[in-house]
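Trainee: Here it is: the structure, laid out below.
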Amino acid sequence: MRSVALRRMAASLVVLWAVATGTYALVSLAPGDAASRITDPRLPAAARERWRRDFGLDRPLRARYLSWLAATVRGDMGISWQHRRPVRALLAEALPPTALLTGLGLLTETLGGLAIATWQAMRPRSRVDRALTITSLLAYAMPSFAVGMGLVWVFSYALGWLPASHMLSPTAAASGWARLGDGALHLVLPVATIGLTGMGALARYTRGSLLEEQSQGYVLAARARGCSRRRAVLTHALPNAALPLVTVLGLSLPVLVSGSLLVEVVFAWPGMGQLLLQAALARDIPLLMGGTLVGAAAVVLGNLLADVSVSLLDPRVRP
Amino acid sequence: MNKTLRLVGMAALAAVLEGCGDGSGPHGVGQELIVAIPADVETFNEYQSAGEALENAIIDLLYPTLFEEQPDFTERPPSFAPRLATEWQFSPDRRTLRVKLRQDAVWSNGFRVTADDVRFTLMAQKSEEAGSLFVEQKAAIRGLEVLDSFTFLAHYSRVYPYQLMDLNDGHIVPANAWSATPFSQWPHADFTKELVSCGPFRLASRIPQQTTILERDPHHWCPARLDRLVLRVIPDAAAQVGQLLAGQIHFIPMVPPRDAARLRQSDTVKVVSYPSRLLGFLAWNHRHPALQDRQVRRALTLAINRAALVEAVYLGHAKVAAGPVLSSMWAFDRTLSPLPFDPAEARRLLVQAGWRDSDGDGILDRDGKRFELELLYPATNPMRAQMAVLVQADLARVGVAASPRPTEFGALMARQDAGEFDAVLTAWEEATKVDLGSGWATAAEQAGSGNFFGYSNPELDRVLADVGAAPDIERTRALLARAQQLIVADQPVTFLYEAQQIVAFSSRLRATPNPALVFFDIASWHMVPP
């Protein structure tokens, strides 16, 4: 077991290095660079060249890459070219809002999806089941920005109940319950957007698994022993049907750190998605690479956690 | 002393003081203006900035310039009113400018603003190490001689019409706070920590990527009537409009034309549009064999229905451009008008240039080569995407096959610099300093130049060289008119549009945004009760 764990860790490091190297090469070799942002036609070519030199872009690619790699290994992610601040500080600022938003979104999505699927599985082919199936499909098919904008129009602009964007009001208190309450109100609409759009897919997926499990011998045997349908679904079928969901949720972990870009844009949420989009547009290589490394680490960790969880829950897949 | 050489700003001072928040307004009673900005401010140090217009407008709220450029560029080269400088006077040979600074200007850390700050700023502007974008612009200013704390002499190496403007460009920064950071570290230094400023506002708090709050600086010589200016980052234009209508924000500096009509229907919102300095054009690559012929370029311009394009894309918030100088500028040659939309004449000119549809496929050809063009535009710009389709349709009617190609901005700039394109839909912000040399003179090196399309006309180069040496404004105006005529005759690009800037704000706000600067005269802005 220990050697398996060591092998997985070594493989993870190789994956991280490969992702980082590939991304560095792609971003550096793509046409354009940080100086492309200077568009004033009055400025001579020399001005842009000075920018390139200041960011080290006049050095050969291999030298730049090796410097970056050596610094990264030492834990120094460099200074963002766009924000003139340490990349580590920028990521540390953007990660908590993203984790909070997507974490609550995933929780809403999971709990909501499971509840709907269970409800449907206990009343298959009923009117409610059909109605929920259509609703789930609609939610699944709707792009998240459209759902977000719809919610904003209704609950913020028309009814005025909830704030339309940001994490806090400009007049929010500096600390205490008032600030917490203000933050909670700002979370409602973006969390609902992520939850509603993800809930549909999860409900569709789990409903199918639950119906399949209900036709299995162990569920039929439980029913034959006089177990109610509700109890058979909740205590027998659901734990087995939920197993594949662990893998799905494990794979969702990267979203916790890389963010949900469209939702962040619609709600002006100061998270990782927006930060990395701006970095990509500005060709801010240090920031882009920092974000890539964190995202890749989350993918590796998510996979690892999913594998471990499944093997703990299902003895059949243990090594 | 020759009176025309004396530029004393006392009269203009009176004009500015009239518009200055003179303390009579209701400040101190919670006057707050919430402004939507599409992206966060990256730096408050102008000498680190890539020159984005809105960022510069925000920096202008925190740092002073020597003079206040007036929005009178429609009639003459911009005049200047006092700001940090109260008086200025040229020497008889115009090679030295004596400037007197106001004595009541104070940095937010309590230090006085002195001539040493101005000298330090010029050093930063001329520093290649600092990565300054002002190096070339300040080249004619040899140096600054400090006479006393509030008086200095600026020495010029030559005489030219824009001496005052070149000295004024760029904000004065605090030597007492920023000189501790060597210029070599400026490109990567964070100046936001403990920001020292001297403007009508100062930094109160900041949550990156979300909100920056500026508060009124009570020590400023022209105190603002607003207590707080809240800059909210709202990347989505539709969300900005929705929040303005819902009363959650008060000011949008740039409204897309498609939203202007909807906003105008609201009783709680005012929409103001005015000529911006954005000139849009379709640049033809002069290295392309077909596009080297000016008759062909003229034909392509005649083939494009620019009035219809402007109406369809800008919905009445732009006009067709006639040439390289905006029609709202003092230097515009009023004898020029846009070339007409004339597909028949376009076809005739193309046939004259040897382009015929010899195989009957609807596409012109010459020497076995079809007239095909790739039309690049920035992928993130939906208005240019719309224009590209309209241009494609118009050119197809005269037998030219144009393929619109959305291109990532960095990649687009790289292809422009490398000359690897046929045509690019682009635009640039014209400066109030009319300088045709940077965009239209033969470029020694095309990479990074305004003239990335490779246009060259020796006669124009001679005229533009004369403009640089012109002693007075009337001679400059005549030379610029000649230059415009030569450029329009050559049609190195197809001039498409002069856009308007649309600003929307709460009807509670009393404000006067104008084409010079979106926050111009902000000291007098204030909110009235609903």
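Trainee: Sorted by accessible area (1.4 Å probe), largest first, how do B:375, A:288, A:107 line up?
Mentor: So, going from the largest accessible area down, we get A:107, A:288, B:375.
Trainee: Binning at 20 angstrom from zero up to the longest distance, how are the C-alpha pair distances of chain B distributed in percent?
Mentor: 20, 51, 26, 3
Trainee: Work out the charge dipole of the protein assembly as shown with +1 on the Cβ of Lys and Arg and -1 on the Cβ of Asp and Glu about the Cα centre, then indicate which of B:273, B:261, A:153 is farthest towards its positive end.
Mentor: Positive-end residue among those listed: A:153.
Trainee: Working from the pairwise distances between different alpha carbons, so that the mean of 1/r is found and then inverted, what is the stretch B:110-159's Kirkwood radius in Å?
Mentor: 11.6 Å
Trainee: To the nearest whole percent, what portion of all C-alpha pairs in the protein assembly as shown is separated by more than 52 angstrom?
Mentor: The answer is 24 percent, as a whole percent.
Trainee: Right, next: How would you order A:26-35, A:82-91 from highest to lowest mean count of nearby Cβ atoms within 10 Å?
Mentor: A:82-91, A:26-35
Trainee: Could you put A:98, B:74 in order of accessible surface area, largest first, with the 1.4 Å probe and the full protein assembly present?
Mentor: B:74, A:98
Trainee: Moving to a separate point now. Please list, or write none, the lysines whose alpha carbon is within less than 30 Å of the alpha carbon of residue B:270, excluding same-chain residues fewer than 8 places away.
Mentor: In chain and number order, the partners are B:319.
Trainee: From Cα coordinates alone, what are the radius of gyration and Dmax values for the stretch B:394-498 in angstrom?
Mentor: 15.8, 49
Trainee: What's the total accessible area buried between chains B and A, using a 1.4 Å probe, rounded to the nearest 100 Å²?
Mentor: Buried: approximately 4400 Å² between A and B.
Trainee: In what sequence, largest accessible area first, do B:197, A:3 appear using a 1.4 Å probe?
Mentor: Greatest to least solvent exposure: A:3, B:197.
Trainee: Compute a Gaussian network model of chain A, connecting alpha carbons closer than 10 Å, and tell me which residue from A:289, A:149, A:272 fluctuates the most.
Mentor: With Cα springs under 10 Å in chain A, the top fluctuation among A:289, A:149, A:272 is at A:149.
Trainee: Shifting gears a bit: Between the stretch A:72-96 and the stretch B:444-522, how far is it from one alpha carbon centroid to the other, in angstrom?
Mentor: What the calculation gives is 40 Å, centre to centre.
Trainee: Could you pull the accessible area for residue B:222 with a 1.4 Å probe, rounded to 10 Å²?
Mentor: 20 Å²
Trainee: For chain A, find the longest principal axis of its Cα atoms and tell me its angle to the long axis of helix A:177-214, 0 to 90°, nearest 10.
Mentor: The answer is roughly 50 degrees.
Trainee: Using a 1.4 Å probe on the protein heavy atoms only, what accessible surface does residue B:236 show? Give it in Å² to the nearest 10.
Mentor: 40 Å²
Trainee: Using a 1.4 Å probe on the protein chains only, how many percent of the accessible area of the protein assembly as shown belongs to carbon and sulfur?
Mentor: Of all accessible area on the protein assembly as shown, carbon and sulfur atoms account for 59 percent.
Trainee: Checking a compactness column here: for the stretch B:276-501, what do you get for Rg(Cα) / (2.2 N^0.38 Å), N being the number of residues?
Mentor: 0.99
Trainee: Can you tell me the Rg and the Dmax, both Å, for the Cα atoms in the stretch B:386-435?
Mentor: 13.8, 40
Trainee: Applying a 10 Å radius around every beta-carbon, put B:387-399, B:274-286 in order of their mean neighbour count, most first.
Mentor: B:274-286, B:387-399
Trainee: For helix A:243-258, what angle does its Cα long axis make with the longest principal axis of chain A, in degrees from 0 to 90 and rounded to 10?
Mentor: 20 degrees
Trainee: Compute the projected area of the convex hull of the Cα atoms of the stretch A:87-317, averaged over all viewing directions, and report it in nm² to one decimal place.
Mentor: Mean projected area for the stretch A:87-317: 15.8 nm², to one decimal.
Trainee: Now, a different point. Other chains' Cβ within 10 Å of B:231-238 residues: what's the mean?
Mentor: Mean number of neighbouring Cβ atoms from other chains: 5.
Trainee: If you don't mind, another one. Under 8 Å for C-alpha pairs, at least 6 residues apart: give me the relative contact order for the stretch A:87-317, rounded to a whole percent.
Mentor: RCO, the stretch A:87-317: 30 percent.
Trainee: For the stretch A:135-175, which chymotrypsin sites (Phe, Trp or Tyr not before Pro) are both in a DSSP coil and crowded by at most 13 other Cβ atoms within 10 Å?
Mentor: Those satisfying the criteria are A:161.
Trainee: Among A:20, A:273, A:31, flag the residue with its Cα farthest along the positive direction of the charge dipole of chain A, charges on Cβ as +1 for Lys/Arg and -1 for Asp/Glu.
Mentor: Among A:20, A:273, A:31, the one farthest towards the positive end of the dipole of chain A is A:20.
Trainee: Per Stokes-Einstein, at 10 °C and 1.306 mPa s, what whole-number D in µm² s⁻¹ belongs to the stretch B:257-361, with the Kirkwood radius over Cα pairs as the hydrodynamic radius?
Mentor: Here the translational diffusion coefficient equals 96 µm²/s.
Trainee: Just for the stretch B:276-501, what percent of DSSP beta bridges are antiparallel, to the closest 5?
Mentor: In the stretch B:276-501, DSSP labels about 65 percent of beta bridges as antiparallel.
Trainee: Let me confirm one metric for peptide B:204-216, namely the mean number of other chain beta-carbon atoms within 10 Å of its residues' beta-carbons.
Mentor: 4
Trainee: Once you have the Kirkwood Rh of the stretch A:1-125 from its Cα pairs, apply Stokes-Einstein at 10 °C and 1.306 mPa s and quote D in µm²/s.
Mentor: The diffusion coefficient I find is 82 µm²/s.
Trainee: Still on this model: Under unit Cβ charges (Lys, Arg +1; Asp, Glu -1), what dipole magnitude, rounded to 20 debye, does chain B have relative to its Cα centre?
Mentor: Here chain B has a charge dipole of around 880 debye.
Trainee: By a straight-distance test (C-alpha under 17 Å), which lysines pair with residue B:193 as possible cross-link partners, with residues fewer than eight away in the same chain excluded?
Mentor: Reachable lysines: none.
Trainee: Let me ask another. I'd like the mean, over residues of B:131-137, of how many other protein chain beta carbons sit within 10 Å of each residue's own Cβ.
Mentor: Mean shielding by partner chains, rounded to a whole number: 5.
Trainee: Take the alpha carbon atoms of the stretch B:146-198, find their radius of gyration, then divide it by 2.2 N^0.38 Å using N residues; give the quotient.
Mentor: Against the compact-globule rule of thumb, the ratio is 1.48.
Trainee: Find the centroid of the Cα atoms in the stretch B:34-102 and in the stretch B:324-380, then give the distance between the two in whole Å.
Mentor: Here the answer is 40 Å between Cα centres.
Trainee: What whole-number value in cubic angstrom gives the convex hull volume per residue for the C-alpha atoms of the stretch A:53-195?
Mentor: Per residue, the Cα convex hull of the stretch A:53-195 comes to 215 Å³.
Trainee: Heavy-atom accessible area per residue, the stretch A:87-317, 1.4 Å probe: how many Å²?
Mentor: In whole numbers, the stretch A:87-317 has 46 Å² accessible per residue.
The values are calculated or read from the model by the stated rules, or taken from the named source; none is laboratory data. Every value quoted in this text rests on a predicted model; they were computed, and no experiment measured them. Note: ideal-geometry Cβ built from the backbone for every residue, glycine included; neighbour counts use all protein chains shown. Accessible surface areas use protein heavy atoms only, side chains included; no ligands, DNA or RNA. Shrake-Rupley method; radii C 1.70, N 1.55, O 1.52, S 1.80 Å.
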